[in-house]
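Working notes, beginning with the structure itself.
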Amino acid sequence: MRIRMFQRLALGSSLCALLTATPALAAKAPTNAELANLVKAQAAEIAELKQRLSAVEAREQQASATPAAPPVQTAAQAQQARTDAQIAAAAQDTKVDEVSDLQAKVAQLDARSKHGVKVDWKEGGPTFESNDGFFSFHPNGRIVADVSSTSGSSYHARNLTGTEFRDLRLGAEGNIGKLGYSLDVDFAGNVVSVKEAYITYETKIAGLGSKTYLGNSLNDRSIEGSTELVSIPFAERNAVASVAVPQIGYFGLGLQERIFGRGWHVSAAVKGGDNGDNDGTHNDNIAYFTRAHVNPILSKDAFIHIAGWAYYENLNKTVTSINKTSAIATDFNDEVRVSASSISNVKADNGYGAELGAGWHSLWAFGEYGQRTIRVHGTGENIDQKAWSAYGGWFITGEKVPYASRSGVFTRPNVLRPLTQGGPGAFELLARYDKYDFKDAPRGGDGHAITVGGNWYLNDMFDLKLNYIRWTTDNIVGSFPGKDTGNTVLLRGEIVW
């Protein structure tokens, strides 16, 4: 804009000069030489104006391309500018350091998540577990000590008082990826024996949960027969678990497969004798098991349990007779038992049973029936041994029923207010009726027992159990024939980790 104005002024000045000179020329006519000199002078003036205009345009272009020089600063302003620049540089360096530090921490956490180890106390004792869950190791054990006293029997030899370690175990369990492992060694009775020693593999089959057991493990048979001793509500397993047990016992060495979902499971197993107790001169006793349970109602506050089980067992040549006697009071007092009498020439046996139970908040109740049939060589005669059990409990401190819906067994309760944290612990009241029936054999006896008791769980690891058993036996053979009644009191202390 400024350049155009300058051009207009220059051209205007030239025109004015020409107009001024025209009257004079008209008054006095110039000669040709004078006109030529005037034209030359004006041409020189126009050339000078163009030169000056070019110079002005060049300066304008340079001014637009070159930034304006900073204003003149005082010494204080210059010092403040330097301080501000240093602060800005330090802040930028801090941001860079923070980013680098965060990146290092993220990398460290990522490495720990894959290879680090954490300790968890949810199982009572410590569980060492990698942060990615690939590896875990849990040292476990239990100390179960009893003191019991029997009185009131018509036979003085039955009125015994004493103590024993009912269970005394050390072991470990854990997993490596999908492979699990467990080992429990029992030292009770000053005899070392392996109770559980197996590996497991857990995966999905057609979208359903699946777990394979290989080794020596608890047989899946009746609810209390399938439950660890330290997790059953009473001090001893009920009549169904005791009477309908196969020759190999509660444990067996072999292969077991379980398929499960929410509120149901099915298992199948092939097992030999407990701990592989064969001297290599004969076949194992081989037993085939199956059990299934379903929870038609299952919520956080209630459940209904329906289950059935069965087994068939081939007996080896060393089993020439079976003489079953079931403890009706405590494991310590071997004299208080129901005799089934000796059955000879046995070749096989099988068993089956049914379970029905329910739980609601802190109340629970179950009923069971079980039967074992012993098959005899030659005669085609079968001997049935039967049992019934009905029992229930109530956690008066509000704990929920300790029941595992995945496998249909009892578990240890989750104590709401442990004594070790200032609470009262958990209190449970119990009652049970057991019936033992061996009368299908020519000289078989029978008996029944009523048990009432209470459990005090100080926390998830420690508990005390008190059972009072009013028992009656009616044996035909043995040292204590005829009807006899007595009372047994048992106090148990348990530590489980």
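Name the residue that is surrounded by the fewest Cβ atoms within 10 Å (Cβ to Cβ), counting only residues in region 417-437 that are among the hydroxyl-bearing types (Ser, Thr, Tyr) and under 17 Å from residue 391 (Cβ atoms). Lay out the reasoning, then the answer.
Keep residues of region 417-437 that are among the hydroxyl-bearing types (Ser, Thr, Tyr), which gives 420, 433, 436.
Narrowing further to those that are under 17 Å from residue 391 (Cβ atoms): 433, 436.
Working: 433: 15, 436: 32.
Looking at residues that are among the hydroxyl-bearing types (Ser, Thr, Tyr) and under 17 Å from residue 391 (Cβ atoms), I get 433.
Here's the yes/no breakdown for (1) on the phi > 0 side of the Ramachandran plot; (2) surrounded by fewer than 18 Cβ atoms within 10 Å (Cβ to Cβ); (3) in the same structural domain as residue 332 (by TED's automatic domain parsing):
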| site | (1), (2), (3) |
| --- | --- |
| 439 | no, yes, yes |
| 442 | no, yes, yes |
| 467 | no, no, yes |
| 471 | no, no, yes |
| 482 | yes, yes, yes |
| 485 | no, yes, yes |
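Taking the options 197, 239, 244, 188, name whichever one is at pLDDT below 95, closer than 29 Å to residue 319 by Cβ, buried (at least 18 other Cβ atoms within 10 Å of the Cβ) and among the hydrophobic types (A, V, I, L, M, F, W, C). Full working, then the answer.
On the way: 197 fails: at pLDDT below 95; 239 fails: at pLDDT below 95; 244 fails: at pLDDT below 95.
Exactly one residue qualifies, and that residue is 188.
Filter region 154-194 for residues that are without any contact (Cβ under 8 Å) to a residue 60 or more places away in the chain and part of a loop (DSSP other than H, G, I, E, B); which is farthest from residue 210 (Cα to Cα)?
The first filter runs over region 154-194 and keeps only residues without any contact (Cβ under 8 Å) to a residue 60 or more places away in the chain, leaving 156, 161, 165, 168-192.
Those left that are additionally part of a loop (DSSP other than H, G, I, E, B): 177-178, 187, 191-192.
On the way: 177: 15, 178: 11, 187: 32, 191: 35, 192: 32 Å.
Going through the qualifying residues, I end up with 191.
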Practice task
Name every residue in region 326-363 that is at negative phi and out of contact with any Phe, Trp or Tyr (no Cβ under 9 Å at 6 or more places or on another chain), in order of residue number.
Solution key: 327, 330, 331, 332, 333, 334, 342, 343, 344, 346, 347
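Name every residue in region 169-210 that is of a type in the set (Phe, Trp, Tyr) and over 30 Å from residue 145 (Cα atoms), in order of residue number. Give the steps one after another, and end with the answer.
As a first pass, look at region 169-210 and keep what is of a type in the set (Phe, Trp, Tyr): 181, 187, 198, 201.
If the condition is that a residue be of a type in the set (Phe, Trp, Tyr) and over 30 Å from residue 145 (Cα atoms), then 201 is the only one that fits.
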Exercise for the section: Look at region 253-274 and say how many of its residues are surrounded by 21 or more Cβ atoms within 10 Å (Cβ to Cβ), within 26 Å of the chain's Cα centre (by Cα) and closer than 25 Å to residue 384 by Cβ. Expected result: 2
Handout entry: Filtered residues of region 370-416 (kept if surrounded by fewer than 22 Cβ atoms within 10 Å (Cβ to Cβ), β-branched (Val, Ile, Thr) and either farther than 16 Å from residue 429 by Cβ or not assigned by TED's automatic domain parsing to the domain that holds residue 307 (or both))
Key = 373, 376, 379, 383, 411
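Residues that are within 16 Å of residue 328 (Cα to Cα), within 36 Å of the chain's Cα centre (by Cα) and in contact (Cβ under 8 Å) with a residue 60 or more places away in the chain: find the strands (runs of 3 or more DSSP E) completely inside region 379-497 holding 3 or more of those.
Working: elements: 382-395, 426-437, 446-457, 462-475, 482-496.
Correct list: 382-395.
Test of understanding: among 410, 480, 395, which residue is of a type in the set (Phe, Trp, Tyr) and more than 30 Å from residue 265 (Cβ to Cβ)?
Numbers: 410 fails: more than 30 Å from residue 265 (Cβ to Cβ); 395 fails: more than 30 Å from residue 265 (Cβ to Cβ).
Of 410, 480, 395, the one residue that is of a type in the set (Phe, Trp, Tyr) and more than 30 Å from residue 265 (Cβ to Cβ) is 480.
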Practice task
Say whether the condition of being part of a strand (DSSP E or B) and of a type outside the set (A, V, I, L, M) is met by at least one residue in region 233-242.
Solution key: no
Handout entry: Test: residue in region 175-185 that is under 25 Å from residue 492 (Cα atoms) and in contact with a helix residue (DSSP H, G or I) (Cβ under 8 Å, 6 or more places away or on another chain)
Key = no
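The values are calculated or read from the model by the stated rules, or taken from the named source; none is laboratory data. Keep in mind the model is a prediction, meaning the values are calculated, not measured. Using ideal geometry, Cβ is built from the backbone for each residue, glycine included, and neighbour counts are taken over all protein chains shown.
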